[in-house]
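So the structure is just underneath, and the comments pick up after that.
The values are calculated or read from the model by the stated rules, or taken from the named source; none is laboratory data. Everything numeric here is computed off the predicted structure, so don't read it as measured data. We place every Cβ from the backbone using ideal geometry, glycine too, and count neighbours over all the protein chains shown.
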Amino acid sequence: MPVITRTATVARLTRDATRLGTLAGALPAATAVTLAHRLPLLAGLGSSAALGQTAELWRMTLEKPIAFWQAWTACATLPLQLGSLCVSGSGRPDLALRLAAAGIAAMHVGLTPIHARVTGNARRLSRRGRRSRARRH
């Protein structure tokens with residue numbers, strides 16, 4: 001019976017690590033799209049450009065601390081979870097797998113709000129870029 005449990009735990013751990021890798025892998029591409037839209041805004045930041053882009057400038061300024069605190073609070077229970085795993089799992093061979101699973105789960109929970117902001121920005125700015133190009137043609 002423990003072998004089946006360990007095998008299932010390893011399989012779940014592999015799936016979770018793969019999902020975390022996919023989540024982390026999407027961040028650089030979405031960040032590049034967001035930067036491609038925002039850098040020209042910042043480079044041409046005159047008074048007329050700033051007035052027209054006030055909403056985007058506020059969003060750029062406020063979203064980073066919000067995403068950071070969402071990630072921080074999502075991971076706030078990790079020390080308690082790891083402590084309870086260590087106390088309840090003394091003398092158990094599957095403790096290392098459980099700790100690894102808890103670590104991956106914590107990374108996933110912490111990365112999710114950041115991923116949501118970055119990919120949301122990339123989608124929103126890409127739609128806006130397509131609309132402005134369509135109006136020019």
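If you go through the range 1-16 and keep only what is in contact with a helix residue (DSSP H, G or I) (Cβ under 9 Å, 6 or more places away or on another chain) and modelled with pLDDT of 85 or more, you end up with just Asp16. Listed by first and then second residue, the pairs with beta-carbon distance under 6 Å, at least 6 apart or on different chains, first residue in the range 114-137 and surrounded by 13 or more Cβ atoms within 10 Å (Cβ to Cβ), second at pLDDT below 85 and among the charged types (D, E, K, R), are Arg117/Glu63. Candidates Gly21, Gly25: the one that is at pLDDT 80 or above, part of a helix (DSSP H, G or I), farther than 28 Å from Arg128 by Cα and within 22 Å of the chain's Cα centre (by Cα) is Gly21.
I'd like to know if the range 105-119 contains one or more residues that are modelled with pLDDT under 85 and among the basic types (Lys, Arg). No, the conditions are met nowhere in the range 105-119.
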